[in-house]
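First up is the structure itself, then whatever we jot down about it.
Values in this text are rule-based calculations from the coordinates and carry no lab data. This structure is a prediction, so every number in the text was calculated from the model and none was measured. Cβ sites come from the backbone with ideal geometry, for glycine too, and all protein chains shown count toward neighbours.
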Amino acid sequence: MNTRSDFGGKARRYAILTVVSAILCAPLVFVVSIALSSDATTKAMKFTFLPGEWHWENFIQVFSSGLPIGRFILNSLIIVIPACIFMTFSSALVAYGFARLHAPGKNILFILVLSTMMIPGQVLMIPQFILFRTLGWINTLLPMIVPNLFANAYNVFLMRQFITRIPTELDEAAEIDGLGYFRIFTRIILPMMVPVLAAVCVFTFSSNWGSFFGPLLYINDEDKMPLALGLQVLSSQSSSVQTPPWNMIMVGALILILPVLIVYYFAQRYLYESGMFAGSAGIK
């Protein structure tokens, strides 16, 4: 009897999850349907929810739409790749210091770092713009690259919580072997942080790959725009009496979405492990 009730409970849960998943995937299916539509269907605005046409050539034509889509993608990669590498490493290094090193006022400093998470981005927008204008960085990719090379408060918190779960006996054994703090970090701690490093790298990738507001503030030239801002230019090319090329726009949207989906798919195991082990360790 218990077996039947357990089976019924699992069946209901799977049914609910299936329905919720279908609802969440519906917008993506509609985007695919529009992306595969012909120009005639786009002009007539006769879109269907499920794909009724299969114009795969749209994914090639978007690169000859008059906009440098390839350059947009390259600019996005120039922003994302350094951010993923340097922010992940710098956050891990700072988190190691807060988790393992002993210094007076360390906990107060850690709380101050966490308190920066409560500062709204809108408050910093004008001071940052003035700073970057003074440095001559307006209309360059530097305002999107340089700030993302350094540790982020949330990433530091996540990694610190992970490191506190690693036994300190490993550090003590390494110290006996003559390793210093930095070599302990690179040889002992860092290899054990793979799940949380992957999680931070995924978060950094997703937040920078689809970045729109920052490039909108600082970039003026078309050939310096990342993909998210470039798609906005594609959607604004049509006049007020002309239908925007929604099929090309949705092809660009899919190009913007697919890398994030692929990264999340292959990194989901690490995201789960980082959540399991990061826990809620207290400030020590």
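Legend: calculated FRET efficiency, residue 165 to residue 272, from the Cβ-Cβ distance at R0 = 25 Å, rounded to 0.05, equals 0.95. Specify the angular offset, from 0 to 90 degrees and rounded to the nearest 10, of the alpha carbon long axis of helix 121-135 from the longest principal axis of the alpha carbons in the chain. Helix 121-135 sits roughly 90 degrees off the main axis of the chain.
Centroid-to-centroid, using Cα positions, the range 176-245 and the range 61-105 are 5 Å apart.
For the pair residue 176 and residue 188, label points projected 7 Å from Cα toward Cβ lie 1.1 nm apart. GNM on the chain, alpha-carbon springs under 10 angstrom: the most fluctuating residue among 233, 94, 20 is 20. Using a ≥ b ≥ c from the Cα gyration tensor of the range 1-152 (square roots of the eigenvalues), is it rounded, prolate or oblate, where a/c under 1.5 gives rounded and otherwise the larger of a/b and b/c decides, a/b for prolate? It is oblate, given that a/c is not under 1.5 and a/b is not larger than b/c. Pairwise Cα distances in the chain exceed 34 Å for 40 percent of all pairs.
With the charge dipole of the chain set up from +1 on Lys and Arg Cβ and -1 on Asp and Glu Cβ about the Cα centre, the Cα lying farthest toward the positive end among the listed residues 113, 211, 68 is that of 113. Across the range 4-56, the volume of the C-alpha convex hull divided among the residues equals 80 Å³ per residue.
Assuming 1.002 mPa s and 20 °C, estimate D for the range 180-235 with Stokes-Einstein, Rh taken as the Kirkwood radius over Cα pairs, in µm²/s. The Stokes-Einstein estimate is 154 µm²/s. Ordered from longest to shortest, the equivalent ellipsoid semi-axes for the range 88-237 are 37, 17, 13 Å, each the square root of 5 times a Cα gyration tensor eigenvalue.
Extension gain, residue 21 to residue 65, is 12.4 nm, computed as 0.36 nm per intervening residue step minus the present C-alpha separation.
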